Amino acid sequence: MLSVRCVECEADLPVGAGRGRPRRYCSRRCQARAYRRRREHGPTSTPRRVRDLPAPTGGDPRHRLVALAVEVADAGGLDAVSMRVLAQRAGLPAHAVYRHVRNRADLLAAMAEQITATRPPGAAPLPPDPRQRLERLAGDEWAMYRRHPWLLAVLATDRPPTGPAVLAMVDRVVAAFSGAGYDPAEAFRAYLALSGYIQGMALLIRREPVDTTDHAWWSATLNRLERTGRTRDRPWLAAAGQTRPDTDLDTWFQFGLRGLLDGLLHRPAR
């Protein structure tokens, strides 16, 4: 018998009774995701396919499930991650997944913890100079959002996860500002300023793993602004037309980072 799949995530659908309209989505979540995609990108946009991932084997079951959830998020974005999808990808019944992960909030916190605890391969020790140390730490966090754009939605909230690895990431930045002469309270304020800049710039990182409409939108928008005369008295807007957000974003980030650290390290605020 020919299997029927969800048009959004391609999960197998249960065989219906043969009456009424055929089912198109495996869940209300997929139906809502398809609606948002059509509303934001138009009716001809393609679904975000999440490739079939092998079920993890060996090691701690919770660690394996969290690693699999990270792969799902990297492939399809944070909306693709659910307890049902995780159970399906792992080849486990849903109740078995809940033995190791309490709920989706616990899962997202564990995903953030696993990523922040992983050092990039071949990473050199942090330099002793506070300025160079802050540049390295900021660059590491920026690269983390580059690799996992969905992570920003987990960390940039008023109630972020507070696992050991996430707190250690904050510790390193606060310690660098303390080494530059800030007292503990001022060092935390400086951390908030630096983190706010990094996470604000990370909003510009493309969220869709594959988005063929971005360049077309960018070109069409610039053409419309030029056609309506809005670039005539705005040299900066004309200059922006010579850039590409997807390729120049790292340059923009480094430019702002240098200016921000120049201000923060010029003189401690005590």
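The values are calculated or read from the model by the stated rules, or taken from the named source; none is laboratory data. Small disclaimer: the values here were computed from a predicted structure and weren't measured. Cβ sites come from the backbone with ideal geometry, for glycine too, and all protein chains shown count toward neighbours. Accessible surface is based on the protein model in full, side chains and every heavy atom, while ligands, DNA and RNA are left aside. Shrake-Rupley method; radii C 1.70, N 1.55, O 1.52, S 1.80 Å.
Quick notes on this one:
- The fraction of accessible area contributed by carbon and sulfur in segment 91-184 is 58 percent, rounded to a whole number (1.4 Å probe; ligands and nucleic acids excluded).
- Less than 5 angstrom separates the built amide H of ARG5 from those of LEU13, all sequence-distant by 5 or more or on a different chain.
- A dipole drawn for segment 98-202 from +1 and -1 charges on Cβ atoms has a positive end, and of PRO127, PRO160, LEU108 the residue lying farthest that way is LEU108.
- Probing with 1.4 Å while keeping every protein chain in the model, the per residue accessible area of segment 95-222 equals 53 Å².
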